[in-house]
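Report on the structure given below.
The values are calculated or read from the model by the stated rules, or taken from the named source; none is laboratory data. Please read all numbers here as calculations on a predicted model, not as lab measurements. Please note: Cβ atoms are built from the backbone with ideal geometry, for glycine as well, and neighbour counts cover all protein chains shown. Quick note on the areas: whole protein, heavy atoms, side chains included, nothing else; ligands and nucleic acids left out. Shrake-Rupley method; radii C 1.70, N 1.55, O 1.52, S 1.80 Å.
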Amino acid sequence: MKTFDFDWTTFIDHMPAWASLSMPCREFFLFQCETKRLIPLRDIGVDVTPLLDVGFLEHAANPAYVKIRRSCLPFHRIMRFMARHSLFATGNSQPKDLQAYLEEAFSKSDQFALCDRHSSPVRRVSQVSWLDTFLRAGSFRVWEAMHKPKRRTTHTLFESEDCFRKTKEIVKALMQGANPLTFSDLRGVLGGADLASYAAAIRAGIAYALLFPSMHKTDLLPVIGIWPGIHARLHRRTPRPGAAKTEEKYHRAYLMDDMTALLVACAGKPVRLRQFETELYADDAKKVETNLEPLPAWLKPRLPRGDTSRVETARQALACMELTETVCWDHRDWLVPSKRGRQWLVRCQQERLRTVLDTLRELAEKEMEQDYPFIPGLHLMPLCQPRVYVASRPSNMMLLLKRAFGRLKTDTFLSVDEFVLYETREINPWIEQRISGAKLTASNHGPCFALPDILDEELEALW
């Protein structure tokens, strides 16, 4: 640990004196004083008498000059570092801020001790699971054994079980309450304990990136806290989906209706296809579109195919179910109903819908048997197929979705946004698996391209 490897008892002892200084004195000491630099009193626009009285500065051999007291040089160096890395200024610092902090404060071997061969230190220590793993560790020897082999030093950072317990006490207090805390406020949440007895615990917590020292920009008071992104995650608003009043109800199976409209158009007169049997020509597609049932304005932004037109979505679905076929006349491709399509078309609406749903179920089951995801023309989750591997095996998406939607009541409407937010945060199946100790990876391209050590935020986005 390049920066913070010093006696934090001395740092804590300096806190009352630092808090007694005025802002001009603090700014002068931090930003104008330099190591081994003599500063002429005539050039100083601040009354530095308080700095001399508390012992942060002293007169040089020539009393017309002042300099940093030699014993305060480590304190000055740490305070300058904390002022440069104001990690809590925005309340939720970015990965680049953490990367810059680690690069300056930790040696390479110390950074490697924070991670494994699959993940970077930034990804590892910015997760709630990093703190959870620490709090679950039964003793400091168990924790040290997990990380010591990657450090060049052989000594343990936790001096004793008491030191280990005190670090846990600080971490828990910061996770549950305000974050960060000044050192005087930290003493308060620890029941007024003597902070000097927690010095070794603070040092070890910083060394393992469990605790982060920084400084308030407004008053230049040192603070300590857990990573702000972790605290923000722990204290997010708890979603509570309640019954929602419906202004309009819409029950049509519009994809089946769109497929029917296009198939009827093809049965009346073959529809011309573009080259390579892909899309319909714009004029033909527009004619079909005029016969489609209008959709409510609130539904259009939620269409699963996004920018794909309804006619093109219907064409892909018909092709997937083999309800259409392509014939070539006069060197042109035309879309016509297949024998199966004509049979489907004459069925009642309920039977047509049943056929579509059966096909969806078959495709979903088929996908689970594949080693890689595919995107057919008709899909339960078009263009969105998250694949999370739990202990190297893909999770069964159908069972997970059934569990999520199976909790809904048939006689109550909920806000879609609140429902999704609640499912994502509170009962995310993949985060539940991680908490139980399972190893998770995610991929859209198969296990050989799996992303190791996936973050909880990424699991939420996938789910």
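Considering (1) modelled with pLDDT of 90 or more; (2) buried (at least 19 other Cβ atoms within 10 Å of the Cβ), say which one LEU273 fails and leave the rest.
Here LEU273 meets the rest and fails (1).
For THR218, are the conditions met, namely being more than 24 Å from the chain's Cα centre (by Cα) and of a type in the set (Ser, Thr, Tyr)? Walk me through how you get there before you give the answer.
On the way: more than 24 Å from the chain's Cα centre (by Cα): yes; of a type in the set (Ser, Thr, Tyr): yes.
Taking the combined requirement at face value, the residue satisfies it.
Residues to consider are PHE6, PHE28; find the one that is out of contact with any His (no Cβ under 9 Å at 6 or more places or on another chain) and part of a loop (DSSP other than H, G, I, E, B). Before the answer, list the steps.
Values: PHE28 fails: part of a loop (DSSP other than H, G, I, E, B).
PHE6 is the lone residue from the list that is out of contact with any His (no Cβ under 9 Å at 6 or more places or on another chain) and part of a loop (DSSP other than H, G, I, E, B).
Which one of ARG84, ARG37, ARG70 is at pLDDT 90 or above and basic (Lys, Arg)? Reasoning before the result, please.
On the way: ARG84 fails: at pLDDT 90 or above; ARG37 fails: at pLDDT 90 or above.
Criteria check complete, one pass: ARG70.
Are there any pairs, at least 6 apart or on different chains, whose C-beta atoms fall under 7 Å, with the first in the range 166-188 and on the phi < 0 side of the Ramachandran plot and the second polar (S, T, N, Q) and modelled with pLDDT under 95, and if so, which?
Short answer, once both residue conditions are applied: PRO180/SER214.
Would you be able to say whether some residue in the range 324-333 is surrounded by 11 or more Cβ atoms within 10 Å (Cβ to Cβ) and at pLDDT below 75?
Here is the first cut: in the range 324-333, the ones surrounded by 11 or more Cβ atoms within 10 Å (Cβ to Cβ) are 324-327, 332-333.
Within this subset, residues satisfying the condition of being at pLDDT below 75 are none.
Taking every residue of the range 324-333 in turn, none turns out to be surrounded by 11 or more Cβ atoms within 10 Å (Cβ to Cβ) and at pLDDT below 75.
Which condition number in (1) crowded, with 18+ Cβ neighbours inside 10 Å; (2) of a type outside the set (Ser, Thr, Tyr); (3) more than 30 Å from LEU421 (Cβ to Cβ) is the one that ASP283 fails?
The number of the failed condition is (1).
Regarding PRO296, is this residue surrounded by 17 or more Cβ atoms within 10 Å (Cβ to Cβ), touching a Phe, Trp or Tyr at 6+ places or on another chain (Cβ under 8 Å) and in contact (Cβ under 8 Å) with a residue 12 or more places away in the chain?
Working: surrounded by 17 or more Cβ atoms within 10 Å (Cβ to Cβ): no; touching a Phe, Trp or Tyr at 6+ places or on another chain (Cβ under 8 Å): yes; in contact (Cβ under 8 Å) with a residue 12 or more places away in the chain: yes.
When the stated conditions are applied, PRO296 does not pass them.
Got a sec? Which of LEU38, LEU21 is in contact with a strand residue (DSSP E or B) (Cβ under 9 Å, 6 or more places away or on another chain) and aliphatic (A, V, I, L, M)? Give the steps one after another, and end with the answer.
Numbers: LEU21 fails: in contact with a strand residue (DSSP E or B) (Cβ under 9 Å, 6 or more places away or on another chain).
Only one candidate qualifies: LEU38.
Here's the yes/no breakdown for (1) crowded, with 21+ Cβ neighbours inside 10 Å; (2) farther than 27 Å from TRP344 by Cβ; (3) among the aliphatic types (A, V, I, L, M); (4) at pLDDT below 90:
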position	(1), (2), (3), (4)
ILE224	yes, yes, yes, no
PRO228	yes, yes, no, no
ARG233	no, yes, no, yes
ARG240	no, yes, no, yes
GLU247	no, yes, no, yes
ARG252	no, no, no, yes
MET256	no, no, yes, no
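Restricting to the range 177-200, name every residue that is surrounded by 13 or more Cβ atoms within 10 Å (Cβ to Cβ), not hydrophobic (A, V, I, L, M, F, W, C) and not in a helix (DSSP H, G or I).
Matches in the range 177-200: ASN179, PRO180, THR182.
Tell me the residue from ASP43, ASP7, ASP13 that is of a type outside the set (S, T, N, Q) and without any contact (Cβ under 8 Å) to a residue 12 or more places away in the chain, please.
Values: ASP7 fails: without any contact (Cβ under 8 Å) to a residue 12 or more places away in the chain; ASP13 fails: without any contact (Cβ under 8 Å) to a residue 12 or more places away in the chain.
Checking each option against the conditions leaves just ASP43.
Output the residue which, of all residues in the range 246-273 that are touching a residue at least 24 places away in the same chain (Cβ under 8 Å) and part of a loop (DSSP other than H, G, I, E, B), is nearest to THR308 (Cα to Cα).
Quick first cut of the range 246-273, residues touching a residue at least 24 places away in the same chain (Cβ under 8 Å) only: 246, 248, 250, 252-267, 270-273.
Those left that are additionally part of a loop (DSSP other than H, G, I, E, B): 246, 248, 250, 252-253, 270.
Numbers: THR246: 28, GLU248: 25, TYR250: 21, ARG252: 20, ALA253: 18, PRO270: 22 Å.
The qualifying residue nearest to THR308 (Cα to Cα) is ALA253.
For the range 17-29, which residues satisfy the criterion of being touching a residue at least 60 places away in the same chain (Cβ under 8 Å) and either within 11 Å of PHE56 (Cα to Cα) or surrounded by fewer than 12 Cβ atoms within 10 Å (Cβ to Cβ) (or both)?
The first filter runs over the range 17-29 and keeps only residues touching a residue at least 60 places away in the same chain (Cβ under 8 Å), leaving 18-19, 23, 26-27.
Answer for the range 17-29, where residues must be touching a residue at least 60 places away in the same chain (Cβ under 8 Å) and either within 11 Å of PHE56 (Cα to Cα) or surrounded by fewer than 12 Cβ atoms within 10 Å (Cβ to Cβ) (or both): TRP18, MET23, ARG26.
When only residues in the range 41-58 that are out of contact with any strand residue (DSSP E or B) (no Cβ under 8 Å at 6 or more places or on another chain) and within 27 Å of ILE12 (Cβ to Cβ) count, which is least open to solvent (accessible area, probe 1.4 Å)? First the steps, then the outcome.
Filtering the range 41-58 down to residues out of contact with any strand residue (DSSP E or B) (no Cβ under 8 Å at 6 or more places or on another chain) leaves 42-43, 45-47, 49-50, 53-55.
Checking the rest, the ones that are also within 27 Å of ILE12 (Cβ to Cβ) come to 46-47, 49-50, 53-55.
Working: VAL46: 41, ASP47: 100, THR49: 65, PRO50: 45, ASP53: 119, VAL54: 54, GLY55: 11 Å².
Result: GLY55.
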